[in-house]
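The values are calculated or read from the model by the stated rules, or taken from the named source; none is laboratory data. Please read these numbers as outputs of a predicted model, since none were measured by experiment. Heads up, the Cβs are rebuilt from the backbone with ideal geometry, glycines too, and the neighbour counts pull from every protein chain shown. The area values use the complete protein model at the heavy-atom level, side chains included, leaving out ligands, DNA and RNA. Shrake-Rupley method; radii C 1.70, N 1.55, O 1.52, S 1.80 Å.
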Amino acid sequence: MKKTVALVAGGYSGEYIISLQSAAQVEEQLKNDFNLYKIIITKDEWYYESNEGKIQVNRDDFSLNINGEKITFDAAFIIVHGTPGENGLLQGYFDMINLPYNTCDALCSAVTFDKETCNAVVRDFDIVNVAKNQTIYADEQIDTDKILSRLSLPLFVKPSQGGSSIGMSKVKTKEELLPAIKQALDVHPKVLIEEFIEGREFSCGVFTIDGKISAFPVTEIIPINEFFDYEAKYNGTTAEVVPAKVDERVSTNIQRTTEKLYKLLNCKGVCRIDFIYNEKQDKLFFLEVNTTPGQSLNSIVPNQVRAMGKDVHWLYYTQIAEIIK
């Protein structure tokens, strides 16, 4: 008998459209494997769209009532980027109603979603370098001279919570710093300012299959823009090379570091971890963890899976198979 799966998409952030794009691909690939219901989450409603129109989710037990029949789920496939699907809120809700899901748990999701918190935790592991940084809060006086006495230009300014590089800026001069902070504060009331690390950017997917943590082939990200911003990620203004054309020693180090971080952070499901490699210093720097990475056809992780000799159906199907064995 087919299992019944909720494909949960949408969310409350600027990544709403990206989530729907990933969900459309997952739905197409899994529609014959499961009784699949795509649940759209917005700030105003959670619903399934049927031929009769929108059917609201009963949030008491995450069920649907369709033509008098109550539909409950064996598992949830979360493909919500940002809040509430990547910061632990949705995971906490599913934990309370005892519904299995394909991502990291609530604590891991919350820790990794906040860049300042995640940087502090990863730095303490002492297995990879983390750029020098400082945190600014919305309710404090912003003193750019004080910031620049601690950090050296150029700098990256980014909301501590959020994705797809929304609200992120690269700052090269003192005059650019305050506007960049204000832009980031428009996205989130806590802002991370960190020193720019010169180097090549790499990304590595990772997954647990049958109890074994396995890193995917490494992708090098070569943006045409100043950095891997929203436009570069989603409008094609970047080159993504997989497997990365880099010394095998470096590639292996990225994969092993990815696996170690995945384990130490207690990650689950498919994740993606990003790095900068400084060739002059021969040092690898941690950037961030994506616990709900994009899974549309041309996203980084699906491309890595194809480089392994597998297809996206395997990627999507296995995420569900791993939690409803």
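Work out the charge dipole of the range 82-184 with +1 on the Cβ of Lys and Arg and -1 on the Cβ of Asp and Glu about the Cα centre, then indicate which of 136, 168, 103 is farthest towards its positive end.
168
Roughly speaking, what is the stretch gain from residue 152 to residue 283, that is 0.36 nm per residue apart minus the C-alpha to C-alpha distance, in nm to one decimal?
Once the chain is fully extended between residue 152 and residue 283, it gains 45.3 nm.
For the chain, what is the convex hull volume of its Cα atoms per residue in Å³?
Once divided by residue count, the hull of the chain is 141 Å³.
May I ask you to derive the FRET efficiency for residue 137 and residue 58 from their Cβ-Cβ distance with R0 = 30 Å, giving the value to the nearest 0.05?
Efficiency at R0 = 30 Å is approximately 0.20.
Helix-derived [θ] at 222 nm for the chain: sum -39500 (n - 2.57) over DSSP H runs of at least 4, divide by residue count, nearest 500?
Calculated mean residue ellipticity at 222 nm is -9000 deg cm²/dmol.
According to the Kirkwood expression over distinct Cα-Cα pairs, how big is the hydrodynamic radius of the range 16-161, in Å?
Values: mean 1/r = 0.0543 Å⁻¹.
Value: 18.4 Å, from the Cα pair sum.
Mind pulling the angle between the C-alpha long axis of helix 16-30 and the longest principal axis of the chain? Nearest 10 degrees, somewhere in 0 to 90.
Helix 16-30 and the main axis of the chain meet at about 50 degrees.
Among 124-131, 60-67, 214-221, what's the highest-first ranking by average C-beta atoms within 10 angstrom per residue?
214-221, 124-131, 60-67
Between the helical axis of 248-264 and the dominant principal axis of the chain, each derived from Cα atoms, what acute angle in degrees is found, rounded to the nearest 10?
60 degrees
Separation of the range 54-128 and the range 143-209 by C-alpha centroid, Å?
The two parts, judged by their Cα centres, are 26 Å apart.
Below 8 Å between Cα atoms, with a sequence gap of 6+, how large is the relative contact order for the chain in percent?
Reported as a whole number, the value is 18 percent.
Would you please give the residues with an amide H less than 5 Å from that of residue 55, counting only those at least 5 places away or on a separate chain, with H modeled from the backbone geometry?
48, 49, 50
Mean separation of Cα pairs under 8 Å and 6+ residues apart, divided by the residue count of the range 1-145: what relative contact order is that in percent?
Relative contact order comes out at 21 percent.
Rounding to the nearest 10 and keeping the result within 0 to 90°, find how far the Cα-based axis of helix 312-321 lies from the longest principal axis of the chain.
70 degrees
With a 1.4 Å probe and all protein chains left in place, how much of the accessible area of the chain comes from carbon and sulfur atoms, in whole percent?
Of all accessible area on the chain, carbon and sulfur atoms account for 47 percent.
If R₀ is 41 angstrom, what is the calculated FRET efficiency for the pair residue 178 and residue 252, using the beta carbon separation as r and rounding to 0.05?
Calculated transfer efficiency: 0.45.
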